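Report on one structure; see the data block that follows.
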Amino acid sequence: MAVGVPTGAVLLLIDLQKAIDHPSWGKRNNPEAENNAARLLALWRANGWPIIHVRHDSAAPDSHYRPGQPGHEFKPEVKPQTGETVLAKRTNSAFIGTDLEKRLRDGGHKALVVAGVITNNSVEATVRMAGNLGFNTYLVSDACFTFGRADLKGHFHSAEEIHDVSLANLHGEYCTVIDTLTVLGAV
């Protein structure tokens, strides 16, 4: 693959569950993110490369991500197939309270390609930890998304602004930010 992404890197799909479609989140960016994640997933499946689906299992009673709620289910575009690894997490980072690091190290995996939601939350927390743990990490910018929000001064920032700043914070120090076409075009 291009940009130094090693062939057979682990595809890590974060929290791509129906809960993220609830209107309470507000307006999002990257409306094609799920389709781009599905394109990556198809490539990984076709090549037999390792895939890990991260599922958020919220303990909060009012969370749409809580087990038993319809939002807890994976989105159909990226639903795990039989035999694919599903890793449950309860915090924003896929490394906290899970055996993700052990799985990766035991499998000899040194590189990750990451997609999912929310860019400035679970994606960012996971990518920061991956980088800090020494994994060669690639974040696919157009296969993740976020939502607009106000800062502590009350100034509203669009989903695109939040997304772009999160990517800028991560690129170079914790990961390499790339896009779907860069990954797909290099194979």
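Binning at 5 angstrom from zero up to the longest distance, how are the C-alpha pair distances of segment 10-185 distributed in percent?
Histogramming segment 10-185 at 5 Å steps yields 1, 8, 18, 23, 22, 16, 8, 2, 1, 0 percent.
What's the exposure ranking of ARG39, ARG66, going from fewest to most Cβ atoms within 10 Å?
Ascending Cβ contact count within 10 Å gives the list ARG66, ARG39.
Which lysines does LYS75 reach when only Cα atoms under 19 Å apart count, and residues fewer than 8 places away in its own chain are ignored?
Leaving aside lysines fewer than 8 places away in the same chain, those within reach of LYS75 are LYS18, LYS27, LYS89.
How long is the gain from LYS27 to ALA59 if the chain were fully straight, where each residue apart is worth 0.36 nm and the alpha carbon distance is subtracted?
So the chain would gain 9.0 nm between LYS27 and ALA59.
Name the long-range amide H neighbours of GLY116: under 5 Å, sequence gap of 5 or more, or other chain; modelled H, no Pro or chain starts.
Residues meeting the criterion, in which the H sits 1.01 Å from N, are ILE14, CYS144, PHE145.
Dipole magnitude of segment 10-185 about its Cα centre, charges +1 at Lys/Arg Cβ and -1 at Asp/Glu Cβ only, in debye to the nearest 20?
Rounded to the nearest 20 debye, it is 400 debye.
Kindly point out which whole DSSP H helices in the chain project their C-alpha atoms 18 angstrom or further along the helix axis while averaging a Kyte-Doolittle hydropathy of -0.5 or above.
33-47
Quick one: work out the % antiparallel among DSSP beta bridges in segment 1-142, nearest 5.
5 percent
Here, each number is a calculation from the coordinates, and none is a lab measurement. Computed from a predicted model, the values in this text were never measured in an experiment. Methodologically, a virtual Cβ is constructed for each residue, glycine included, from the backbone with ideal geometry; neighbour enumeration extends over all protein chains shown.
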